[in-house]
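Chemist: Quick one: structure below, then a few questions.
The values are calculated or read from the model by the stated rules, or taken from the named source; none is laboratory data. Every value quoted in this text rests on a predicted model; they were computed, and no experiment measured them. In this analysis, Cβ positions are derived from the backbone assuming ideal geometry, glycine residues included, and neighbour counts consider all displayed protein chains. All accessible areas refer to the heavy atoms of the entire protein, side chains included, with ligands and DNA or RNA removed. Shrake-Rupley method; radii C 1.70, N 1.55, O 1.52, S 1.80 Å.
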Amino acid sequence: MNNCLKTIFSRKSVRSFTSQEVSTELLEELARAGMAAPSARNLQPWAFVIVTNRSTLDALAERLPYAKMLFEAPAAIVVCGDLAKVGDSPEGYWVQDCSTATQNILLAAEALGLGAVWTGVHPRADRVTTVKDVLKLPDNVIPLNVIPIGYPKGEHQPKDKFKAENIHWQKW
C-alpha cells in the first residue's frame, strides 16, 4: 500500500495525550498541510489559530462540551472561516473549504506521529460564541472546529468504516 493510503487508513481520533510538547515547527507544518487543501474558486477562506497556552486550552476545555481532551492536549489548531475571503456570495463555501483543510491537518498529524481529533464548533451558536470569546476572534471569523493535538497516550486503533452498501454504481 502506498504511503498516502496507509496514512488515510491509519488515521484515528486521539483523545488522550502525553505531556510532551509539540514543536512550533510541527504545528506550522500542520497548518501548511491545511493550507494545501482545495477550496472553491481557490479563495482559501481559512484562518488557523494555533493554541499552546495552557490557560487558553483549559478555558476552551471548560466551556466546550465535547473538547474535554484539551485539558491534556499540549496544543490545538482552531480552524476558522474568514468571511472576508468568501467572495461574492454571503457564505460562500467556507465550511466545505475549511473541512478539507481540517482533513489535511488530521492526516498530516497521523503522518507525523501525532494524535488529533476533530471537535465540532460551527454551527452550534453557543460553541461559536465560546471560541470567539476565548480567542478574541473578529466578527468576520467563524470557528468551524477545534483540533486538539499531541502525542498519543496509550494505544489507539483506526476503525474500518468501509461499508459496501454505501456505494451505488451508475444510479441509486
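Chemist: Residues with amide H under 5 Å of PHE17's amide H, sequence separation 5 or more or different chain, H placed in the peptide plane at 1.01 Å from N; which?
Modeler: LYS153
Chemist: In addition: What accessible area per residue comes out for the chain, rounded to a whole number of Å², with a 1.4 Å probe?
Modeler: Working: 10000 Å² over 172 residues.
Value for the chain: 58 Å² per residue.
Chemist: Just add up the charged neighbours of SER16: K/R +1, D/E -1, any other residue whose Cβ is under 14 Å from the Cβ of SER16. Write out the running numbers ahead of the final one.
Modeler: Working: positive: LYS12, ARG15, LYS68, LYS153; negative: GLU72, GLU155.
Result for the local shell: +2.
Chemist: On to the next question. Within the range 1-99, list the GluC sites (Glu not before Pro) lying in a DSSP loop whose Cβ has at most 16 other Cβ atoms in a 10 Å radius. Write down the numbers at each step before the final one.
Modeler: On the way: sites: GLU21, GLU25, GLU28, GLU29, GLU62, GLU72, GLU91; in loops: GLU21, GLU72, GLU91.
Filter output for the range 1-99: GLU21, GLU72, GLU91.
Chemist: Per residue of the range 146-162, in order, report the coupling 6.51 cos²θ - 1.76 cosθ + 1.60 (Karplus, θ = phi - 60°) as ³J(HN,Hα) in whole Hz, putting x for Gly and Pro.
Modeler: So the Karplus estimates, Gly and Pro as x, are 10, 10, x, 9, x, 8, x, 9, x, 8, 10, 10, x, 9, 7, 9, 5 Hz.
Chemist: Can you tell me which of 105-117, 40-52, 153-165 comes out highest on packing, and rank the rest after it, using the mean Cβ neighbours within 10 Å? Mind showing how you got there, number by number?
Modeler: Working: 105-117: 21.8, 40-52: 18.2, 153-165: 8.5.
Ranking, from highest mean packing down: 105-117, 40-52, 153-165.
Chemist: Additional query: Hey, any idea what % of the range 1-106's accessible area is carbon plus sulfur with a 1.4 Å probe? List each step's numbers first, then the result.
Modeler: Details: 2990 of 5740 Å².
Roughly 52 percent of what the probe reaches on the range 1-106 is carbon or sulfur.
Chemist: To the nearest µm²/s, what D does Stokes-Einstein give for the chain at 25 °C and 0.890 mPa s, using the Kirkwood radius over alpha carbon pairs as Rh?
Modeler: On the way: Rh = 16.7 Å.
D, rounded to a whole number, is 147 µm²/s.
Chemist: Output ³J(HN,Hα) for the range 73-86: one whole-Hz value per residue in order, computed from phi by the Karplus curve 6.51 cos²θ - 1.76 cosθ + 1.60 with θ = phi - 60°, and x for Gly and Pro.
Modeler: With the stated coefficients, the range 73-86 comes to 5, x, 7, 8, 10, 9, 8, 10, x, 9, 5, 6, 10, 7 Hz.
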